[in-house]
Amino acid sequence: MPLLRRGGRAGLGLLLPLVAAIGWEIAVATGAASGRLLPPPSRIGATLWELAVSGDLWLHVEATLVRVGLGFLCGAAAGIIAGALVATIPLLRWLVDPSLQALRAVPSLAWVPLFILWFGILETPKVLLIAVGVFFPVYVGVSGAIASVDRKLVEVGRIFRLSRLALARRILLPAVLPATLVGLRTGLGLGFLFVVAAELMGASEGLGYLLVDGQQFSKPDQIVAAIIAFALVGKAADMALLTLTRPLTRWQDTVRDSL
């Protein structure tokens, strides 16, 4: 029964894009729309199939996934450590947090020329740019979660004379874990946003490169195909992260499934 429910929800999630695709296909087929700048789904599907059969699609997907994976690991680790330190050490909070909050507002493309100047156009600046995009939501999530832990929970732990390690493991960690996982999911999404800017830096492979190549050679079907590939790969990565981290919050008694 739960499997049927999950299958029904997945079907509902596919309903909107399917209706939009069929509607646009009919509009182009009947002449109500030209389909020159936004090709019909049949043409986009044919382009995706050609890229998949030739092996180019998997080459671009692999390159993008490797960059996002490395950037995510580096950015998430740095965000968790920085968030925990800033939230627990007042001096760091006053000294470091204002600067990090200001840097958080810098657009991704603003880092590109500086990273090219510092690191060249090989893989290092691409991974670092993605790490920057991942770092900030994870940092904000972790520091905010620690700062919002209920003081009464900590006082209860002290009443039971828990050591610092036991207090962190039994009270602080369960309290901050849900918000931290949300920050990780947000960071992963931003990693896929930043990889497009990263692949502007002299990349010869990757889904971002596929987008730019389609724009330069006026191939809207390739552009939309790359966008769809980004959506599918990003959704798959998000589902993988959610599946891997779900056991960590199994103890939660939430109302999500009952609403």
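See the values below:
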{"item": "Residue list for the stretch 203-231, filter: open to solvent by 50 Å² or more (accessible area, probe 1.4 Å) and within 15 Å of residue 122 (Cα to Cα)", "result": "204, 205, 209"}
{"item": "Residue 250, sole failed condition from (1) basic (Lys, Arg); (2) over 14 Å from residue 68 (Cα atoms); (3) under 17 Å from the mean Cα position of the chain (by Cα)", "result": "(3)"}
{"item": "Per-region count, the stretch 1-17, residues modelled with pLDDT of 80 or more and either in contact with a helix residue (DSSP H, G or I) (Cβ under 7 Å, 6 or more places away or on another chain) or open to solvent by 100 Å² or more (accessible area, probe 1.4 Å) (or both)", "result": "1"}
{"item": "Some residue of the stretch 216-237 being in contact with a Phe, Trp or Tyr (Cβ under 9 Å, 6 or more places away or on another chain) and assigned to a loop (DSSP other than H, G, I, E, B)", "result": "no"}
{"item": "Considering residues of the stretch 162-200 that are more than 20 Å from the chain's Cα centre (by Cα) and assigned to a loop (DSSP other than H, G, I, E, B) only, the residue surrounded by the fewest Cβ atoms within 10 Å (Cβ to Cβ)", "result": "163"}
{"item": "Tabulated pairs, the stretch 23-41, first within 22 Å of residue 214 (Cβ to Cβ) and part of a loop (DSSP other than H, G, I, E, B), second modelled with pLDDT of 80 or more and among the acidic types (Asp, Glu), C-beta under 8 angstrom, 6+ apart or interchain", "result": "39/221"}
{"item": "Hits in the stretch 232-250 (condition: in contact with a helix residue (DSSP H, G or I) (Cβ under 7 Å, 6 or more places away or on another chain) and either at pLDDT below 75 or open to solvent by 90 Å² or more (accessible area, probe 1.4 Å) (or both))", "result": "248, 249"}
{"item": "Residue count for the stretch 83-130, restricted to those that are under 24 Å from residue 73 (Cβ atoms), assigned to a helix (DSSP H, G or I) and not polar (S, T, N, Q)", "result": "25"}
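The values are calculated or read from the model by the stated rules, or taken from the named source; none is laboratory data. All of these numbers come straight from a predicted model, not from anything done at the bench. Note: ideal-geometry Cβ built from the backbone for every residue, glycine included; neighbour counts use all protein chains shown. The accessibility values were calculated without ligands, DNA or RNA, using every heavy atom of the protein model including side chains. Shrake-Rupley method; radii C 1.70, N 1.55, O 1.52, S 1.80 Å.
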